[in-house]
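Visitor: Here it is: the structure, laid out below.
Derivation of every value follows stated rules applied to the coordinates shown; laboratory data play no part. A quick note: this is a predicted structure, and the numbers were derived from the prediction, not measured. A quick note on method: Cβ atoms are made from the backbone with ideal geometry, for glycine too, and the neighbour counts reach across all protein chains shown.
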Amino acid sequence: MTNHPAITVEQIRQSLNAVPRIRWSHIPTPLEDWTKLAERLGGPRILVKRDDATGLAYGGNKSRHFEFEMAHVLEGGFDTLININNFHSNQARVAAAGCVKAGIRYLLVSTGEVDRPIQGNLLLVKLMGGEIHRIPESEDASAYARSLADKVRSEGRNPYILNDDSFPEIMGTIAFIEAGLELKEQLDAIGVDRVHLWGLTGRSLPALKMFSNNLGLDWSATAVKYSPSDDEALRETMVARSRQAAELLKLPVTLEPDDVEILDGFSGPAYAAATDAAFEAIHLVAQTEAVILDPNYTGKSMSGLIDQIRNGRFGKDDTIMFLHSGGLPQVFAFNEELAAWDG
């Protein structure tokens, strides 16, 4: 049921406009009605927010995030960004793209699978001029990044280690509170006021729920885990980020621990470990809607939704709003597995 709003749309917009930003994303992204997939599954209406279409270096939700992050970096007077992330990382790719747009140097400390061919997101980082340092998971990535920063300083430059700053923790929350404004307009235009948000654990989906809480909207939310992790820790992180973002944007309502359902069982044994259910979801969506999901993130999220529909949780009177957060380059990192999958 819709509650009384604690703040107005215009007040949220004014608060967001006060945060430094570099605009480059192709927004608003489309909201599509996936009727063929819904028909195939015999379940609810499935609306899809196409944040794979944000445009920057194969797009994705983090294109929105880094509009705020890169403005933050430039305001600090930095000319080099050092980032630590997994070799599969979409964030690492978009950070590289952001550095290109901002005109600063990018150094990536890429952890894990050091002998794996440079493809997918890593290939795109290289194409965009990023300097890639590949280290095994066993090596201290933070110490490695600090040594890089010392070298950069010795060259007369001013490095920023992204992982050492607190702002990146809330940039995605800020970005998707704004995406909530966009989504609300799109839902209003088609006469939908009650939706179940569906996506991944992280920043984007909880931020949409936080946005709806402030406006008293009838939006519930489920976040699918993309890697094994502790539910309580995930909830604490979501709530902490929401409080930081609320303080920055002067929003009266944050997230409560149970505002976002956390769905387990679809991540596989580890981060970047694809599952048969994700492969099925990728094939099914490609063959019904001609849209590509990825094995690490959106494929797992969709596999959770497919499972819940097949088990009768959602019926034809329900409306799901699925967040397609991007991740397309990772399809090509799993080319052999996807090509061989036959259900």
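Visitor: Rounded if a/c is under 1.5, else prolate if a/b is larger than b/c, else oblate: which is region 62-164, with a ≥ b ≥ c the root eigenvalues of its Cα gyration tensor? Show your work: numbers first, answer last.
Guide: Values: a/c = 1.81, a/b = 1.20, b/c = 1.51.
Cα axes put region 62-164 in the oblate bin.
Visitor: Within 10 Å, count the other beta carbons around each residue, average over each peptide in 3-15, 156-168, and list them highest first. Walk me through the numbers before you get to the answer.
Guide: Details: 3-15: 13.6, 156-168: 15.3.
In decreasing order of mean packing, 3-15, 156-168 become 156-168, 3-15.
Visitor: Antiparallel versus total DSSP beta bridges in the chain: what percent is that, nearest 5? Show your work: numbers first, answer last.
Guide: On the way: 3 of 37 bridges.
Counting only bridges with both partners in the chain, antiparallel ones make up about 10 percent.
Visitor: Turning to a different aspect of this structure: If we count every other residue with Cβ under 13 angstrom of ALA53's Cβ, Lys/Arg +1 and Asp/Glu -1, where does the sum land? Please list the in-between numbers first.
Guide: Numbers: positive: LYS49, ARG50, ARG64; negative: GLU32, ASP51, ASP52, GLU182.
My count for the surroundings of ALA53 gives -1.
Visitor: A further question follows. So, counting K/R as plus one and D/E as minus one, what does the shell of residues with Cβ under 13 Å around SER166 add up to? Spell out each step's value before the answer.
Guide: Details: positive: ARG241, ARG243; negative: GLU69, ASP164, ASP165, GLU169, GLU247.
Neighbourhood net charge equals -3.
Visitor: Hey, can you grab everything whose amide H is under 5 Å from the amide H of GLU113? Only 5+ residues off in sequence or another chain; H modelled, so Pro and N-termini drop out.
Guide: GLU137
Visitor: In the Gaussian network model of the chain, springs joining C-alpha atoms below 10 Å, which of PRO28, PRO117, PRO206 carries the largest mean-square fluctuation?
Guide: Between PRO28, PRO117, PRO206, it is PRO117 that shows the largest mean-square fluctuation.
Visitor: Still on this structure, please answer the following. First check a/c for the chain, with a ≥ b ≥ c the square roots of the eigenvalues of its C-alpha gyration tensor; if it is under 1.5, answer rounded, and if not, answer prolate when a/b is larger than b/c or oblate otherwise.
Guide: oblate
Visitor: Please give every one of the lysines within straight-line cross-link reach of LYS151, meaning a C-alpha to C-alpha distance under 25 Å, and leave out same-chain neighbours fewer than 8 residues apart.
Guide: LYS101, LYS126
Visitor: Sort region 102-247 into rounded, prolate or oblate with this rule: let a ≥ b ≥ c be the square roots of the eigenvalues of the Cα gyration tensor; rounded if a/c is under 1.5, and if a/c is not under 1.5, prolate when a/b is larger than b/c, oblate otherwise.
Guide: Numbers: a/c = 2.14, a/b = 2.03, b/c = 1.05.
Prolate is the answer for region 102-247, as a/c is 1.5 or above and a/b outweighs b/c.
Visitor: Same structure, new question: Given the DSSP H assignment, sum -39500 (n - 2.57) over each helix run of at least 4 residues in the chain and divide by its residue total; what's the result at 222 nm in deg cm²/dmol, nearest 500? Don't skip to the answer; put the middle values down first.
Guide: Working: 13 runs with 156 residues, N = 343.
Here the helix-only value at 222 nm equals -14000 deg cm²/dmol.
Visitor: Here's another thing I want to ask about it. Restricting attention to region 233-326, which trypsin sites (Lys or Arg not before Pro) occupy a DSSP loop and are surrounded by at most 11 other Cβ atoms within 10 Å?
Guide: On the way: sites: ARG235, ARG241, ARG243, LYS250, LYS300, ARG310, ARG313, LYS316; in loops: LYS250, ARG313, LYS316.
Answer in residue order: LYS316.
Visitor: Any idea how far the Cα center of region 21-93 sits from the one of region 266-319, in Å?
Guide: About 19 Å separates the Cα centre of region 21-93 from the one of region 266-319.
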